[in-house]
Every structure is written in structure tokens, then in C-alpha cells.
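Trainee: Take a look at this one; I'll ask things after.
The values are calculated or read from the model by the stated rules, or taken from the named source; none is laboratory data. Here the structure is a predicted model, which is why all the values come from computation and not from measurement. Glycine also receives a Cβ, built like all others from the backbone with ideal geometry; neighbour counts cover every protein chain displayed.
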Amino acid sequence: MTPVEERLKRRIALTGPISVADYMAACVGDPDGYYARQEPFGASGDFVTAPEISQMFGEIVGAWLLDRWRADGAPDGIDLVELGPGRGTLMADILRVVRRDPRFIAASRVVLVESSQRLRKRQAETIGGLHPRLSFADRPPRERPLYLVANEFFDALPIRQFVRQDSRWFERTVGVEGDRLLFGLSPFPAPVTGEAPDGAVREVCAMGEAIARDIAETLTTHGKGAALIVDYGYADAIGGETLQAVHRHDHAEVLDRPGEVDLSAHVDFGALGRAAARGGAKAHGPVGQGAFLVALGLVERAGQLGTGASTETQDEIRAAVNRLAGVGPGEMGDLFKAMALTVTADIPPGFAPG
Ligand code: SAH
């Protein structure tokens with residue numbers, strides 16, 4: 001039994017079944033939880049993220065953030081923020097690009113929003129030498145204009161699940177029977193609206209919506225800044241269940257080995273956009289990650305990197321382009337989406353209609 005499983009069972013035995021959101025939060029956030037203990041990233045881990053596939057991803061995000069800062073008139077006293085930086089690869093690639101404009105470095109602090117102490121150490125090692133002011137936080141900072149990126153962050157946040165039964169919604173719970181964790185339903189109808197056939201499942205990521213709104217309010221307060229959210233998910237809630245467990249690149253059971261498997265859910269970009277609108281910001285997109293990267297010059301950058309390189313390197317670069325921007329099975333171009341939050345009138349690069 002994993003330490004997280006032991007604690008969960010004791011807790012449920014003492015105080016009763018918990019929500020799916022509390023279960024996810026315990027698996028991810030526990031001192032012995034997923035990001036605290038596992039090394040999830042890369043070929044030997046559980047999953048591979050875009051910045052780990054190629055430096056081109058972070059370079060393009062860096063160019064996008066630098067462009068937004070310049071479009072705002074290159075303000076002083078800003079925060080360059082990343083939510084859930086993992087190994088720190090994305091921020092390192094961003095900094096290598098924005099460092100070409102020393103004014104940006106002089107104007108900025110880097111703030112990493114990270115809950116895992118183990119990963120904070122890792123990130124400090126990767127990023128420390130690339131910027132003179134680096135700090136960590138539990139929430140996006142609000143005091144200064146934000147230039148923010150979040151890649152595969154929102155999918156890791158706890159979701160609640162509601163199940164339709166007898167024309168009402170009931171929250172799904174996690175309980176214990178004998179020695180086994182199992183799903184159940186709260187006996188009390190949940191204050192969730194909307195029609196659906198019996199058996200339908202709805203997912204709500206209240207924490208994601210709260211964070212999107214928080215970011216939007218900071219953009220609104222300062223009248224400038226931008227946020228770029230990249231994740232796998234859908235533009236409009238299609239309904240249905242997307243909570244999934246992954247272990248070593250393979251499907252696993254959600255209630256199996258809590259704290260040792262990666263739990264995530266598709267991001268409801270529509271809900272994030274509406275939450276941001278309530279905070280006064282405009283949401284652009286979501287557009288496919290592939291379309292976004294290609295509009296921002298992925299193919300040209302690949303050509304530059306490949307020029308004069310060995311055939312083997314050129315093949316790797318081509319494979320990375322296909323993986324990041326392709327729309328076939330196992331490729332990220334369509335499944336992953338990008339959404340921008342801004343407060344000014346112009347449309348950010350990569351989000352122009354048509
Ligand atoms: N962005 C990285 C890593 C994605 S994994 C990449 O693209 O490779 C998710 C990251 O979010 C991890 O760093 C994890 O520790 C962090 N995280 C998860 N939930 C969090 C929370 N509630 N607050 C802060 N960080 C969180």
C-alpha cells in the first residue's frame with residue numbers, strides 16, 4: 001500500500017467518503033504525493049510534455065511573451081510567471097529568448113508557482129543562472145503586471161464529478177469498502193444545473209476557474225499583461241468523463257496506487273474563458289497547439305535549427321515538429337490547445353481568426 005493510500009483510507013474511515021476533487025488533491029498534493037515523489041517527466045517517467053520534446057516550444061512561447069510586453073510599451077516592474085514549471089525546461093527556454101532584450105531582464109522578476117518542494121529545487125537548479133531575480137509562490141502574484149505561461153498545469157488541478165441520476169445531479173465520491181477504495185455517490189442532490197440523460201457525468205474544475213479569474217483580475221487591475229494557457233482539452237464542454245490515470249505512458253486505474261500514478265482531466269477551456277471574463281479579461285481561442293506554433297514560426301525555426309546539422313539531427317527536428325504540431329494519433333497539434341488572456345484591444349499573435 002502506498003503512504004498516500006494508507007492516509008486516505010484512515011481519513012475516509014474517520015470522516016466518511018470524500019469528493020473526487022479531494023481525492024485528486026490528496027494524490028497530487030500530499031507530502032508523499034505524486035509530484036513530491038515521482039519523476040514523472042520524460043521517456044522513463046509517466047508522460048512527455050511539449051517543452052521536453054523540443055526547445056522550439058519554449059522559444060516560441062518566449063517570443064510570444066516578449067511580443068506582448070513590447071506591445072504594452074515595454075513596462076518596468078513586471079512579473080514573468082510560470083504555473084507548474086515541472087523540471088524548469090520551459091522557463092529556461094523562454095529566458096534564453098527574452099535575454100536577448102536586456103531591458104526585459106532589467107524590468108522583470110521571475111515567479112514560479114509550484115507546490116512541490118522537490119520540483120522547486122529542481123527548477124532553481126535549471127533556471128537560477130538565467131535570471132537575477134527568481135522566487136517561488138503558491139499562487140499567481142497580483143502586485144505587478146503579469147506575463148504568464150501555464151503548460152500542462154490546469155489538467156493536474158482537482159476536478160469534481162457529478163453524475164446524473166433520476167433527473168438530478170449527485171456528486172461522485174471516493175469511499176472505502178473492506179480494504180478497497182471505491183467510487184460512490186453522495187446521497188444528497190448537488191446544486192448543479194443543466195439537463196442530461198441519466199448516467200451522464202459532468203466535471204467541474206473550480207480551482208482552475210478560480211485561478212483563471214485571479215489572473216484576469218490582475219491583468220485588469222494593471223491594464224496590461226498577458227497569459228498563455230496550453231493544455232489538452234476541449235473548447236466547449238462535451239460532457240462525459242475525462243479523469244484519467246497514467247503510469248509509465250500507459251493507462252492505469254484512477255483508484256489504483258494513489259500518489260504513484262499521474263491523475264489529470266481534460267481542460268474545459270470554455271469554462272476557463274468564462275471565468276476570465278468574470279475577472280474582466282478577454283479570452284482568445286482556444287486554437288490548436290499546432291496552428292498556434294505554426295503561426296508563430298515553428299516551421300521557420302525548425303529550418304534554422306536544421307541548417308548545417310547532421311541528417312540525424314534534422315530527422316529529430318522534423319519528428320519534433322510533427323509531434324508538437326501534427327494532428328495524427330499520438331501527436332499534440334489538435335488535442336492540445338492554446339488560449340490567451342489579455343485586456344488590451346489588439347489580438348495576440350497566433351489567435352487571429354481565420
Ligand atoms: N509545465 C511543465 C510540467 C507540467 S506537470 C511541463 O510542461 O513540462 C504539472 C506541474 O504543476 C508540476 O510542476 C506540479 O508540481 C505542478 N502543480 C500541480 N498542482 C499544482 C498546484 N495546485 N499548485 C502549484 N503547482 C502545482
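Trainee: Only one of these is aliphatic (A, V, I, L, M), more than 25 Å from E125 (Cβ to Cβ), within 16 Å of the ligand (Cβ to nearest atom) and surrounded by 23 or more Cβ atoms within 10 Å (Cβ to Cβ): M24, M56. Name it. Can you show your working first?
Mentor: Details: M56 fails: more than 25 Å from E125 (Cβ to Cβ).
Step by step, each of M24, M56 is checked, and only M24 is aliphatic (A, V, I, L, M), more than 25 Å from E125 (Cβ to Cβ), within 16 Å of the ligand (Cβ to nearest atom) and surrounded by 23 or more Cβ atoms within 10 Å (Cβ to Cβ).
Trainee: Residue by residue through the range 110-136, note down the ones that are more than 16 Å from the ligand (Cβ to nearest atom) and either over 26 Å from T220 (Cα atoms) or in contact with a Leu (Cβ under 7 Å, 6 or more places away or on another chain) (or both).
Mentor: Our first condition is that a residue be more than 16 Å from the ligand (Cβ to nearest atom); within the range 110-136, this holds for 128-133.
Within the range 110-136, G128, G129, L130, H131, P132 meet the criteria.
Trainee: List every residue pair whose Cβ atoms lie under 9 Å apart, where the two residues are 6 or more positions apart in sequence or sit on different chains, the first residue falls within the range 78-97 and is of a type in the set (V, I, T), and the second residue, located anywhere, is assigned to a loop (DSSP other than H, G, I, E, B).
Mentor: From the range 78-97, the pairs are I78/D72; I78/R144; I78/P145; I78/K224; I78/G225; V81/P140; V81/P141; T89/T49.
Trainee: Is there a residue being within 28 Å of M207 (Cβ to Cβ), outside any helix (DSSP H, G or I), of a type outside the set (S, T, N, Q) and touching a helix residue (DSSP H, G or I) at 6+ places or on another chain (Cβ under 7 Å) anywhere in the range 87-94?
Mentor: Yes: the range 87-94 contains one or more residues that are within 28 Å of M207 (Cβ to Cβ), outside any helix (DSSP H, G or I), of a type outside the set (S, T, N, Q) and touching a helix residue (DSSP H, G or I) at 6+ places or on another chain (Cβ under 7 Å).
Trainee: Here's a follow-up. So, restricting to strands (runs of 3 or more DSSP E) that lie completely within the range 229-332, which ones have at least 3 residues that are out of contact with any helix residue (DSSP H, G or I) (no Cβ under 7 Å at 6 or more places or on another chain), surrounded by 16 or more Cβ atoms within 10 Å (Cβ to Cβ) and on the phi > 0 side of the Ramachandran plot?
Mentor: Result: empty, no element qualifies.
Trainee: Kindly establish whether A74 is assigned to a loop (DSSP other than H, G, I, E, B) and surrounded by fewer than 23 Cβ atoms within 10 Å (Cβ to Cβ).
Mentor: Criteria met by A74.
Trainee: Pick out the one residue from R144, R139 that is at pLDDT 95 or above, more than 13 Å from the ligand (Cβ to nearest atom) and either assigned to a loop (DSSP other than H, G, I, E, B) or basic (K, R) (or both).
Mentor: Residue meeting the stated conditions: R144.
Trainee: Within the range 169-180, is there a residue that is modelled with pLDDT of 95 or more, touching a strand residue (DSSP E or B) at 6+ places or on another chain (Cβ under 7 Å) and within 15 Å of the ligand (Cβ to nearest atom)? Even if it seems obvious, please write down each step before you answer.
Mentor: Just the residues of the range 169-180 that are modelled with pLDDT of 95 or more, to begin with: 169-176.
Of the ones still in play, those that are also touching a strand residue (DSSP E or B) at 6+ places or on another chain (Cβ under 7 Å) are 169-175.
If we keep only those that are within 15 Å of the ligand (Cβ to nearest atom) too, we end up with none.
Within the range 169-180, not a single residue is modelled with pLDDT of 95 or more, touching a strand residue (DSSP E or B) at 6+ places or on another chain (Cβ under 7 Å) and within 15 Å of the ligand (Cβ to nearest atom).
Trainee: When residues of the range 274-332 are filtered for being of a type in the set (V, I, T), out of contact with any strand residue (DSSP E or B) (no Cβ under 7 Å at 6 or more places or on another chain) and closer than 21 Å to E152 by Cα, how many remain?
Mentor: Summing the residues that are of a type in the set (V, I, T), out of contact with any strand residue (DSSP E or B) (no Cβ under 7 Å at 6 or more places or on another chain) and closer than 21 Å to E152 by Cα in the range 274-332 gives 3.
Trainee: Going residue by residue through the range 92-102, is there one that turns out to be within 12 Å of the ligand (Cβ to nearest atom), hydrophobic (A, V, I, L, M, F, W, C) and modelled with pLDDT of 95 or more?
Mentor: Within the range 92-102 (the criterion being within 12 Å of the ligand (Cβ to nearest atom), hydrophobic (A, V, I, L, M, F, W, C) and modelled with pLDDT of 95 or more), the answer is yes, since at least one residue qualifies.
Trainee: Determine the pairs where a residue that is exposed (fewer than 15 other Cβ atoms within 10 Å of the Cβ), located within the range 118-132, has a partner that is among the small types (G, A, S) and modelled with pLDDT under 95 with Cβ atoms under 7 Å apart, the partner being 6 or more residues away or on another chain.
Mentor: R118/A36
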